[in-house]
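Just below is one structure, and these are the notes that go with it.
The values are calculated or read from the model by the stated rules, or taken from the named source; none is laboratory data. Since the model is a prediction, treat every value here as computed from it, not as a measurement. Methodologically, a virtual Cβ is constructed for each residue, glycine included, from the backbone with ideal geometry; neighbour enumeration extends over all protein chains shown.
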Amino acid sequence: MPYVMTFDRNQVRMCSWDSFVEPESIARLIDAFVDSLDIKKYVAKEVSKRRQANV
């Protein structure tokens, strides 16, 4: 059986968002909406170590 050449699985592959998402995809609209949000306004506050221990 002949050896089939494939990509090296140990090598990191870099792919862009544009190569995965179609130009007219709803994902682009959602991404633009999320980018427009003021994230600092919605960030969860840090939970105290005491409260984490009780969980």
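Here are the numbers for the structure shown:
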{"item": "Condition check for VAL21: loosely packed, with under 10 Cβ neighbours inside 10 Å and β-branched (Val, Ile, Thr)", "result": "no"}
{"item": "Helices (runs of 4 or more DSSP H) wholly inside the chain containing at least 2 residues that are of a type in the set (D, E, K, R) and modelled with pLDDT of 90 or more", "result": "26-36"}
